[in-house]
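A short write-up of the structure that comes next.
The values are calculated or read from the model by the stated rules, or taken from the named source; none is laboratory data. Since this is a predicted model, take the numbers as computed values, not measurements. With ideal geometry, Cβ positions are generated from the backbone for all residues, glycine too; neighbour counts draw on all protein chains shown. We work out accessible area using only protein heavy atoms, side chains counted, and drop any ligands, DNA or RNA first. Shrake-Rupley method; radii C 1.70, N 1.55, O 1.52, S 1.80 Å.
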Amino acid sequence: MTKIENPYAGLTDGQWLKGNLHTHTTASDGERPHQVVIDDYANRQYDFLMISDHDIYTSPKELSAYEARGMVLIPGNEVTAHGSHLLHVNASRRIAPSPERQKVLTEAVESDPASFIIINHPNWQSTFDHTPMTDLVEWTGYAGIEIFNGTVGRLEGSPYATNKWDMLLSKGRRVWGFANDDHHLAVGDAGLGWNVVYSLSKSLPDIVAALRQGRFYASTGVVIRDIAVRGTTIRVETENAEKIVALREHGTRFAQADSNQLEVEVPSGAKYVRFECWGKGERFAWTQPFFITAS
């Protein structure tokens, strides 16, 4: 018997909320101060935002000094020095940027259990390998990776990292895919990629819980309207996709439709299934993986 683990099961009594988790200010190497950045995202109708300056912890106390403009502001930090960049989401304190990144991951998991870590822009830099697969496979304790990083779109490397995501998923790793701006510049770095979370309320605990559980999709402009699992069938419907692709291990496409919706039967022997929804230009949406087990 095939069992589908549906991260979107039971979407009732909640709401879809849009947010960015990777944001810099003049506290590190961003071009704009905190309130200006917050105002910008609020004007774009974001629901949550995390300030993630490099090796600088932005605490709830500090965040309370700013006008949130109706958004939920998430405390955090980007662990940067001495190695691959790690996004520490909902952190309660600064974790030292040890060059032994597994030490950082372990410390976050063990001493800050309400937080989680995302591996940032794995395909940044001229080698397209800011974080090598050997590290991604060896490390444990992280929640996911950035499968889209907006700022890398103007730098060396690729803003996309679905290749490494599929390699990890194919090895049995249960990691989520995130889309973030990595906002630095005053113009051009906001509103590039975001996460749309189904949260029970517009509160910090519920948003963080939904992110940790994979109850969200990543987007650069495509809106997913409905995700449904019935038996061994998965259906995805969007507002504005022009093509939807279903993928399984090693990024193998097993179904697609030039449409705003796609319904598939889970293939025999599949370990996971995920969907990419393609819109105009570089507008995409990526579902989280549906893990498949046989009993």
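At a glance:
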item: Heavy-atom accessible area order for ARG248, ARG154, largest first, 1.4 Å probe; result: ARG154, ARG248
item: Rounded to the nearest 10 Å², the accessible area of LYS103 at probe 1.4 Å; result: 120 Å²
item: Apportionment of accessible area to carbon and sulfur, the stretch 116-222, percent (1.4 Å); result: 57 percent
item: Inter-label distance, nm, simple model (7 Å from Cα along the C-beta direction), THR233/ALA257; result: 1.0 nm
item: Segment LYS280-ARG174, extension gain: residue separation times 0.36 nm, minus the distance between their alpha carbons; result: 35.2 nm
item: Estimated FRET transfer efficiency when R0 is 22 angstrom, pair GLU62-LEU185 (beta carbons, to 0.05); result: 0.45
item: Pairs of lysine residues in the chain - Cα separation under 28 Å, sequence separation of 8 or more or cross-chain; result: 20
item: Alpha-carbon centroids, the stretch 119-153 and the stretch 15-82: separation in whole Å; result: 21 Å
item: Heavy-atom accessible area per residue - the stretch 75-162, 1.4 Å, Å²; result: 37 Å²
item: Gained length - THR26 relative to LYS271, 0.36 nm times residue gap less alpha-carbon distance; result: 83.8 nm
item: Projected label distance in nm at ALA209 and VAL109, using a 7 Å step from Cα toward the beta-carbon; result: 2.3 nm
item: Cβ-derived FRET efficiency at R0 22 Å, ARG154 paired with HIS54, nearest 0.05; result: 0.75
item: Accessible surface of the stretch 54-99 [probe 1.4 Å, protein heavy atoms]: carbon and sulfur percent; result: 56 percent
item: Heavy-atom accessible surface of the stretch 236-295: percent carbon and sulfur, 1.4 Å; result: 43 percent
item: Dipole in debye (nearest 20) - the chain, about Cα centre, beta carbon charges: Lys, Arg +1; Asp, Glu -1; result: 740 debye
item: Net charge contributed by nearby residues that have their C-beta within less than 9 Å of ILE234 (K/R +1, D/E -1); result: 0
item: Cα-projected label distance for PHE128 with LEU11, points at 7 Å along beta-carbon direction, nm; result: 3.2 nm
